[in-house]
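Only the coordinates and a few stated rules stand behind these numbers; no lab work does. Quick caveat, the model's predicted, so the values are computed rather than measured. Every residue, glycine among them, receives a Cβ derived from its backbone with ideal geometry; neighbour counts consider all protein chains shown.
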Amino acid sequence: MNKLKMKTANKADENYQKLAALFPNAVTETIDKATGEVIRAIDKDVLMQEINTAVVEGKDERYQFTWPNKSKSILLANSPIEKTLRPCREESVDFDSTENLYIEGDNLDVLKLLRETYRGRIKMIYIDPPYNTGNDFVYNDNFTVSTKEYLANSKQLDKDGNCLVDDLESSGRFHTEWLNMIYPRLKLAKELLSEDGSIFISIDDNEIKNLIKTCDEVFEEKNFVANIVWQKKYAATNDAKGFSTTHDYVVVYAKNIDRFDRNLLPRTPKQNAPYKYDDGDGKGLWRSDNMLVKTFSQSAVYPITNPNTGKDYYPPEGSCWRASRETMNVWLSENRIYFGKNGKGAPQLKRYLNEVQQGRVPITWWNFEEAGHNDAANREVKALFESKPPFDTPKPTTLIKLMLLIASKPDSIILDFFSGSATTAHSVMQLNAEDGGKRKFIMVQLPEVCSKGSAGFKAGYKNICEIGKERIRRAAKKIADENPCAKFDGGFRVLKLDSSNMKDSYYNSPESDASLSEKTDDNIKENRTPEDLLFQAMLDLGIPLSSKLTENVIDGKKLFNAEDNCLIACFDKELTDEIITAAAKQKPVYFVMRKSTSTGCEKIFAAYSPNTIVKYL
């Protein structure tokens, strides 16, 4: 049996192992000058010889995008954590049947916890991160610095606090904090995307340049898809200084541009309006189209005879028909040529609706008529809550639905890790109700406290998560009322970020320490439930958190079954051989238990299910 890690992977260790596997002769050791300890190292000279490429270091000039503490933000993305996600049934809707997730907690830690389970499984990510308004961010990851610290870090002050430049610049502090916030989250988000997946990011003018540079580095410049301009307002703000801003941006990157498979948007009623004729022959609606083309071909110059009048029609001098004589004869035989309402006019081509491209190629200008605007978003939320919107800056569902139509499939998983008022969840449910899709959402939101005086606080909500969950509940009911025949998942399973279920002793004791393994109970925190342990085991083993869960009680012991025998777990004490045998006979992929509960576990599984991987806490 093997012990569960019960913590996220150390990405830096993984990267080191990959490099060591490629270039083992470059692996060496050195002395840490600060501690005097022997530490792992890479021999730069050997690596340069192996890859035959110059290594730029120090102050050597090179093209780069950097800012204070960038190196720390990279380390932050790679560092492991000992945390978990605890289920909260009382705040969930249809906990046992839903495939949607609502996760409360800092999205950086949540993304780390999701990394192994959902790596390469997310088809589309949409985020609306906090805009840089010149204030400190809620998501500061301990990188918030004072103006004086920023000036020193950006080499504008010397070590004694003296000015090194004529005009001190401090506004860059907020750009620095914003970049340190967004960078590690995007690095983690990229790992979750499927190879044909994409990310859509809402942003304004303040950080659009830095966002694109960051995404060029994280996702690679070649994977840039589009920079959409969204008309968020339909009128100017009269008291604006200079220009009134009526737009925001939506930046789009693919995980792999060669695999990106965007969908066409539905045709508009205006596009379909000309197709108003129907001959009743099963070919469908059609419109008349010109028979001439600009590219001249002598073989396409010939007479077309009107069968009703016998009159011959030639193309005007210098032009030609759009098809050869042979093709034209086929069209005539198929009744594809139209000679006017009375049948006595010049020839025209019947263009059938079912033969034209069944959709629109997306463009990068999204006007408010199609994508919605801020006022519409506020009215939408107000209608749901039947009062003043408890959230200040929601996005309209029409905007998110456009993205879903372009970048998702009917069975896609959609992630939003700055979910705010849960517009993305609302949009997913609405689209599923409209087209019968089974898209699943994962919403992640920090339980940011509603400030006193805010609309949310006045409405009785303690934090943004309470608003988001209530919106999903109300939106699901409204969609169901308006679409009584629609079948969609209107539930969500609530999970909350917390410290690990295991005490420090669990991580500090080696697997081989028999004395500690016999005291397994002491390694589990007192206030944690068996279901808490189940979900941390699911995270550790890469089993989706939306998996179907069932329980079975045998001899008073509770056995959990996740994802139809993918995992069977029992966290009760003193398991009998009969209980272990009952679990083994179901032939699960994994079986998880407390180590000291059964001495004959391995023998039983070897007999009944030798391929099962047995793990212990």
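Assorted remarks:
- The value given for the range 2-64 is a Kirkwood hydrodynamic radius of 14.4 Å, derived from the mean inverse Cα-Cα separation.
- Taking 7 Å steps out from each Cα toward its Cβ at E531 and K458 produces label points 3.7 nm apart.
- Other residues within the sphere of radius under 10 Å centred on the Cβ of N306, judged by their own Cβ, net out at +1 (K and R +1, D and E -1).
- Candidate aspartates and glutamates - alpha carbon under 12 Å from K187, same-chain residues fewer than 8 apart omitted: D216, E217, E220
- R0 of 22 Å, Cβ-Cβ distance Q64-E221: FRET efficiency to nearest 0.05: 0.95
- Amide hydrogen neighbours beyond the local backbone of F441, cut-off 5 Å, H modeled: L101, I414
- Every pair of different Cα atoms in the range 269-355 enters the Kirkwood calculation, which places the hydrodynamic radius at 13.8 Å.
- Between K241 and K388, the contour length at 0.36 nm per residue exceeds the alpha carbon distance by 50.1 nm.
- Karplus-derived 3J(HN,Hα) values for the range 350-361, using 6.51 cos²θ - 1.76 cosθ + 1.60 with θ = phi - 60°, are 7, 9, 7, 4, 6, 9, 8, 4, 8, x, 10, 5 Hz; glycine and proline are entered as x.
- Between amide H atoms placed 1.01 Å from N, distances below 5 Å from V592 occur with I568, A569, C570, K615, all of them 5 or more places distant or on a separate chain.
- Links that overshoot a 21 Å alpha carbon limit, given the list K558/K585; K7/K557; K395/K469; K190/K496; K440/K496; K11/K72: K7/K557; K190/K496
- Extension gain from K341 to E317, taking 0.36 nm per residue of separation minus the Cα-Cα distance: 6.0 nm
- From phi via Karplus (6.51, -1.76, 1.60), per-residue ³J(HN,Hα) for the range 229-244 in Hz, x at Gly/Pro: 9, 9, 7, 7, 10, 9, 8, 6, 8, 5, 9, 5, 8, x, 9, 8
- Net charge over other residues, Cβ less than 14 angstrom from the Cβ of P266 (K, R count +1; D, E count -1): +2
- Two-site FRET efficiency, S451 against D261, from Cβ-Cβ distance with R₀ of 41 Å, rounded to 0.05: 0.45
- Taking only the Cα atoms of the range 516-616, the ratio Rg/Rh comes out at 0.93, with Rh defined as the Kirkwood radius.
- Modelled spin labels at R473 and N354, positioned 7 Å past Cα toward Cβ, are 4.7 nm from each other.
- Pairs of Lys residues in the range 275-347 that lie 8 or more places apart, or on two chains, and have C-alpha atoms under 20 angstrom apart add up to 4.
- Evaluated on the chain, the Kirkwood hydrodynamic radius is 29.2 Å, with distances taken between all distinct Cα atoms.
- Multiplying the residue separation of K270 and Q17 by 0.36 nm and subtracting their alpha-carbon distance yields 85.3 nm.
- Dimensions in Å of the range 368-471 - Rg and Dmax from alpha carbons: 13.9, 42
- Of all DSSP beta bridges in the chain, antiparallel share, percent nearest 5: 60
- Label-point gap, in nm, between C88 and E326 - each point 7 angstrom along Cα→Cβ: 7.2
- From phi via Karplus (6.51, -1.76, 1.60), per-residue ³J(HN,Hα) for the range 252-257 in Hz, x at Gly/Pro: 10, 10, 9, 5, 8, 4
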